[in-house]
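For reference, the structure is listed below as structure tokens.
The values are calculated or read from the model by the stated rules, or taken from the named source; none is laboratory data. Computed from a predicted model, the values in this text were never measured in an experiment. Note: ideal-geometry Cβ built from the backbone for every residue, glycine included; neighbour counts use all protein chains shown. Quick note on the areas: whole protein, heavy atoms, side chains included, nothing else; ligands and nucleic acids left out. Shrake-Rupley method; radii C 1.70, N 1.55, O 1.52, S 1.80 Å.
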Amino acid sequence: MNIVRENLENLTSLLKVTVSEPDYKEAVEKALREYKRRANVPGFRPGMVPMGIIRKMYGKGVVAEESYRAASKAAFDYLEKEKIDIVGDMLPSDLQKPLDFENETDYEFVFEVGIAPEVKISLDKNDKVEKYSIIIDDKMREGYRSNFLRRFGKLVDVEAIEKDEAVNVTLEQEGLKVEDAYVGLINMTDEQRAPFIGKKVGDVMDVDVNELYPTPSQRAAILSVKEEELEGMDPKFKLTIVKIRKFAEPELNEEFFKMAFPDGSITDEKAFDAYIENQIAKDLDRESEYMFTLDMQKFLLGKANLKLPEEFLKQWLFTINEGKFKMEDIERDFGQFLDMMKWNLVQKHFIKEFSLEVTPEEANEEAKALALQQFAYYGMNQVAEDMLANYAKTILENKDENRKIYEKLFERKVVEAVTPLITVTEKSVSAEEFGKLVEEVQKK
């Protein structure tokens, strides 16, 4: 077996691998014996077809397959032995010449690889990255407090509409009466809500159901008709308010604290306020760390200034997706893909430089944290340890989730390792200012 490497100008290399019969003969014979065992040929019992017939039927294809497999393995072994880092994967080259698998025994396979650039990053205290500290304000406190209490509150009847109450109504027009229809003011804009403000139980008003229920599916559900039956239906209805209810927060009494915090960790309003403050701080810290990671990524990519074999990578993406995407689709999102690949190379550089590792225990703790977030989303703030452990185990058993967790932890460790080497400047911003910064990043 012979391998020749030729460097090209576009950050790629050709690997010309010549294989001879001894390189693939054993694999060919093994494959043909398997064909013989499974072959179903009229006139012969299973497993008794002469090898000559098997060779004539399958020999050419098997030689092509096994010689290519031998060449491909040799190319990968060569890259590993020579410590040549590549991006993407190895592809058959357009320079590949036709091969005669029937009459020849030596074959030259030509592969193309994209060469990964060497990462060189020198850092010192003159390098600066800004980190944002989000200011907690009263509006934020009230929002968190209200959202928490809403999980334990209830709807109570009221006489008049003030803002975003839940309203039950009767809709009438000639020949049609719909009782106990629901109007959700909370989902309306201030302009849409305006005609309802101040209305009381028993009040009557004219409405257009096309405006009241924007989607055909909503209108059909409310009017108890099929969507196709809406066409030609008069949208004008007389609306009579039957019931007005508003959400009432629970009283902060012993009953509430036992229900919301069954472990007894919070027993009075002062401790509850401290809990809300702590939850806000945790969420804001998570948002700040996320933004800091993005800014650190941008900074390190700028320092590395990596060049990649872009045309090769586009062709590689097109090939591995097997026609799922057109080349114009790949072109459209290629910038983001390129940054991701460069960031992966930068991370690999620091993981090796600092000998960073992620232990199974760390992955398990991260899975638990993810599980807690998911439970909290559904209002479960107190979760038994065994339930949490089982949920974390389920997350880690999912290959995609497992990969995401390890990638996240390695990224975090890279940022943590680099941070002491540079100067991090703190900047306090309001939640509104921070939101605009996030929007700007997401637009790019």
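If you roll a 1.4 angstrom probe over the protein chains with everything in place, what fraction of the accessible area of the chain belongs to carbon and sulfur, to the nearest %?
On the way: 13790 of 28140 Å².
It is 49 percent, rounded to a whole number.
Tell me the Kirkwood hydrodynamic radius of segment 138-206 in angstroms, computed as one over the mean inverse distance between distinct C-alpha pairs. Write down the numbers at each step before the final one.
Numbers: mean 1/r = 0.0703 Å⁻¹.
Kirkwood radius, segment 138-206: 14.2 Å.
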message: If every alpha-carbon in segment 332-395 counts as one equal scatterer, what log10 I(q)/I(0) does Debye give at q = 0.22, 0.25, 0.26 1/Å?
response: -0.83, -0.93, -0.97
query: Which value, in Å² rounded to 10, gives the accessible area of R403 with a 1.4 Å probe and all protein chains present?
result: 110 Å²
statement: To the nearest Å², the heavy-atom accessible area per residue of the chain with 1.4 Å probe amounts to 63 Å²
field: Virtual paramagnetic centre 7 Å along Cα→Cβ of D124, amide N under 20 Å, in segment 286-323
entry: 299-305
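Let me check something: with ligands and nucleic acids excluded, how do R286, R38, R219 order by accessible area (1.4 Å probe), largest to smallest?
Output order, biggest surface exposure first: R38, R286, R219.
Show me 207-213, 332-338 ranked by packing, highest mean number of other Cβ atoms within 10 Å first.
207-213, 332-338
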- request: Could you size up the charge dipole of segment 1-102 around its Cα centre, putting +1 on the beta carbon of Lys and Arg and -1 on that of Asp and Glu, and report it in debye to the nearest 20?
  value: 820 debye
task: Report D157's accessible area, 1.4 Å probe, all protein chains in place, as a number in Å² to the nearest 10.
output: 110 Å²
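Computed FRET efficiency, Cβ-Cβ of E249 and I136, R0 22 Å: what is it to the nearest 0.05? Show your work: numbers first, answer last.
Numbers: r = 21 Å, r/R0 = 0.94.
Result of the calculation: an efficiency of 0.60.
Given 25 °C and 0.890 mPa s, how large is the Stokes-Einstein diffusion coefficient of segment 260-350 in µm²/s, with Rh as the Kirkwood radius over Cα pairs? Display every interim value, and only then the final one.
Values: Rh = 17.2 Å.
This corresponds to a translational diffusion coefficient of 143 µm²/s.
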query: Taking only DSSP H segments of four or more residues, each worth -39500 (n - 2.57), what value at 222 nm results for the chain once the sum is divided by all its residues, to the nearest 500 deg cm²/dmol?
result: -16500 deg cm²/dmol
query: For the chain, max minus min Cα coordinate along each principal axis, in Å, sorted largest first?
result: 95, 70, 45
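Once R0 is set to 35 Å, what does the formula 1/(1 + (r/R0)^6) return for the Cβ-Cβ distance between A369 and T423, expressed as a FRET efficiency to the nearest 0.05? Spell out each step's value before the answer.
Working: r = 29 Å, r/R0 = 0.84.
E(calc), rounded to 0.05, equals 0.75.
Using the Cα centre of the chain as the reference point, and only Cβ charges (+1 on K/R, -1 on D/E), how large is the resulting charge dipole? Debye, rounded to the nearest 20. Please list the in-between numbers first.
Working: 65 positive and 89 negative charges, 319 e Å.
About 1540 debye.
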- request: Please arrange E411, E322, E65 by accessible surface area, largest first, computed with a 1.4 Å probe and ligands excluded.
  value: E322, E65, E411
query: Among residues other than D273 whose Cβ falls under 10 Å from its Cβ, what is the net charge (Lys/Arg +1, Asp/Glu -1)?
result: 0
- request: Order the following by accessible area, largest value first: F410, F111. Probe radius 1.4 Å; ligands, DNA and RNA are ignored.
  value: F410, F111
query: Of K246/K404; K120/K413; K352/K404; K200/K226, which sit over 30 Å apart, Cα to Cα?
result: K246/K404; K200/K226
message: Using alpha carbons only, how many angstrom separate the centre of segment 140-216 from the centre of segment 45-120?
response: 69 Å
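Dividing the alpha-carbon radius of gyration of segment 1-55 by 2.2 N^0.38 Å (N being the number of residues), what value is obtained? Let's see the in-between values first.
Values: Rg = 19.1 Å, N = 55, 2.2 N^0.38 = 10.1 Å.
That ratio works out to 1.90.
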statement: Lys and Arg at +1, Asp and Glu at -1: neighbours of K408 with Cβ under 13 Å from its Cβ sum to -4
message: Take D333 and E433, extend 7 Å from each Cα along the Cα→Cβ direction, and tell me the distance between the two endpoints in nm.
response: 3.5 nm
- prompt: With every protein chain in place, what's the accessible area of V201 (1.4 Å probe, Å², nearest 10)?
  reply: 70 Å²
